[in-house]
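**Student:** Just dropping this structure here.
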Amino acid sequence: MLHDFYRFAKLVGLRRSFVRQLHLVYEVERHLRRTAQVHESLVWIGKGEDRQLVRLIQVMYKGKMYRYLTNELDTERLPAPYVVALYWQRWRIEDAYNIVKRLLGLAYFWVGSQNGVELQLWATWLLYAVLVDLTDAIAEELNKPFAALSVEMVYRSIYYFTEAYHDGKADDPVVYLAESAKLLGVVKRDRKHRPSPLEFLDLTDSSNP
């Protein structure tokens, strides 16, 4: 933890902001806001030269309290909903690794040579980049956020586009997959959840930045 505090302090010195979940001891300086859904406080973390003042944000969501820390103390510059949304954007990193390993086959290497491994890595990540761009284009065609689409189902649906292409029934994968999105399961099902006054923001929506 001391090493983490040092890194936090270094980020502050570089005028860089961070957002992370809370898994450490803190000392409350003062409370900024306390409602049924959101608590915001200024707290101290670390000891000695690494001791620093950060903002603690506690959010009640689906009956569970989530806690986040950020060194951005200005609540207007970085409101609580944006802190939550920024942190949850990190989950896409895990999604990316899951897709390339499970869906695109990077869980196993085809060969043992360094050159072969590097080629497989480059080819797989290039395919992933193309797949993300394709999914993003389909989301734009459907006027939906990227997160509303299943990257996996877009990948699996490419087979049906190629069949339609060879039959002369389609020539644009974006248009074809957008038109067949419901049938192919490209759009994720809406999940019912307990309504909350603090909605997670879509940070990738260019129409509402």
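The values are calculated or read from the model by the stated rules, or taken from the named source; none is laboratory data. All values reported here derive from a predicted model rather than from experimental measurement. We place every Cβ from the backbone using ideal geometry, glycine too, and count neighbours over all the protein chains shown.
**Student:** What do you reckon, is residue 139 in contact with a strand residue (DSSP E or B) (Cβ under 6 Å, 6 or more places away or on another chain) and under 22 Å from residue 93 (Cβ atoms)?
**Tutor:** yes
**Student:** Is it the case that region 105-120 has a residue that's within 25 Å of residue 181 (Cα to Cα), surrounded by fewer than 17 Cβ atoms within 10 Å (Cβ to Cβ) and modelled with pLDDT of 90 or more?
**Tutor:** Checked against the condition, which is being within 25 Å of residue 181 (Cα to Cα), surrounded by fewer than 17 Cβ atoms within 10 Å (Cβ to Cβ) and modelled with pLDDT of 90 or more, region 105-120 yields at least one hit.
**Student:** Tell me which residues, restricted to region 159-173, are surrounded by 17 or more Cβ atoms within 10 Å (Cβ to Cβ) and part of a helix (DSSP H, G or I).
**Tutor:** The answer is 161, 173.
**Student:** Residues in region 93-108 that are in contact (Cβ under 8 Å) with a residue 24 or more places away in the chain and farther than 15 Å from residue 155 by Cα: how many?
**Tutor:** Of the residues in that region, 0 qualify.
**Student:** For the condition surrounded by fewer than 17 Cβ atoms within 10 Å (Cβ to Cβ) and among the β-branched types (Val, Ile, Thr), what is the one hit in 151, 132?
**Tutor:** Result: 132 is the single residue among 151, 132 that is surrounded by fewer than 17 Cβ atoms within 10 Å (Cβ to Cβ) and among the β-branched types (Val, Ile, Thr).
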